[in-house]
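Structure, as structure tokens:
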Amino acid sequence: MTLPVFPDALIDATYSDLKKEAEDGGYRLNQDIDFTKNLIRGLLKNEQRYGYRACPCRLATGKKEEDLDIICPCDYRDPDLDEFGACYCALYVSEAVQKGQQKLSPIPERRPPRANRKNPQPLTPKGLAPLAALPLPVWRCKVCGYLCAREQPPEVCPICKVKKDRFERFI
């Protein structure tokens, strides 16, 4: 496989930006710099192809609405970090992995097959009918779980920094 060619300055700047965003949100990037920069090349190639940074380890459709769950950071990052110590492509790792207390192992794909994917309906907690009468809708970030009550979701999640389109109406 031939890696996309991007200027080193762009790779380094993107790495610095991702690292800062990760650390600001309490996350860690994989410490293998060469490996991580190769993943960044894949993210940039997908951004060039599709207009968004789809996970470089997954097959994107090129239709943003269908790929929202795999735009980096993907919806599966946190569950993968919790269970396996790294996300599917190992761009993000847990503190235990970073400190060498846990070894990386293969991570199974959490993304459902295309035939099983559908537009999720807003979550509606059972037995919470009074919440339906709230004056504002509650929005949930599908990546980190951040909740906020307002007319529209925030432009950028204050926790994990994903964009507005990664929110779903929760209540």
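Among residues of the stretch 6-25 that are over 16 Å from P158 (Cα atoms), those with a Cβ under 8 angstrom from a residue that is of a type in the set (V, I, T) and part of a helix (DSSP H, G or I), sequence gap 6+ or separate chain, pair up as I11/I40; T14/I40; Y15/I33; Y15/T36; Y15/I40.
When the stretch 52-74 is filtered for residues that are touching a residue at least 60 places away in the same chain (Cβ under 8 Å), in a helix (DSSP H, G or I) and within 13 Å of the chain's Cα centre (by Cα), the ones remaining, listed by number, are L68, D69. Against the definition (over 22 Å from A115 (Cβ atoms), within 14 Å of the chain's Cα centre (by Cα) and in contact (Cβ under 8 Å) with a residue 24 or more places away in the chain), how does D78 come out, yes or no? So D78 passes the test. Take the residues of the stretch 1-30 that are among the β-branched types (V, I, T) and part of a loop (DSSP other than H, G, I, E, B): which is surrounded by the most Cβ atoms within 10 Å (Cβ to Cβ)? Per the stated criteria, the residue is V5. Is it the case that some residue within the stretch 31-51 is of a type outside the set (F, W, Y), surrounded by 15 or more Cβ atoms within 10 Å (Cβ to Cβ) and outside any helix (DSSP H, G or I)? No, the stretch 31-51 has no match at all. Please go through the stretch 132-171 and pick out each residue that is of a type in the set (F, W, Y) and in contact (Cβ under 8 Å) with a residue 40 or more places away in the chain. Across the stretch 132-171, the qualifying residue is only F170.
Identify the residue in the stretch 155-171 that is in a strand (DSSP E or B) and at pLDDT 90 or above and, among all such residues, is farthest from G26 (Cα to Cα). Per the criteria, the residue is R169.
The values are calculated or read from the model by the stated rules, or taken from the named source; none is laboratory data. None of the values given here were measured: they were computed from a predicted structure. Methodologically, a virtual Cβ is constructed for each residue, glycine included, from the backbone with ideal geometry; neighbour enumeration extends over all protein chains shown.
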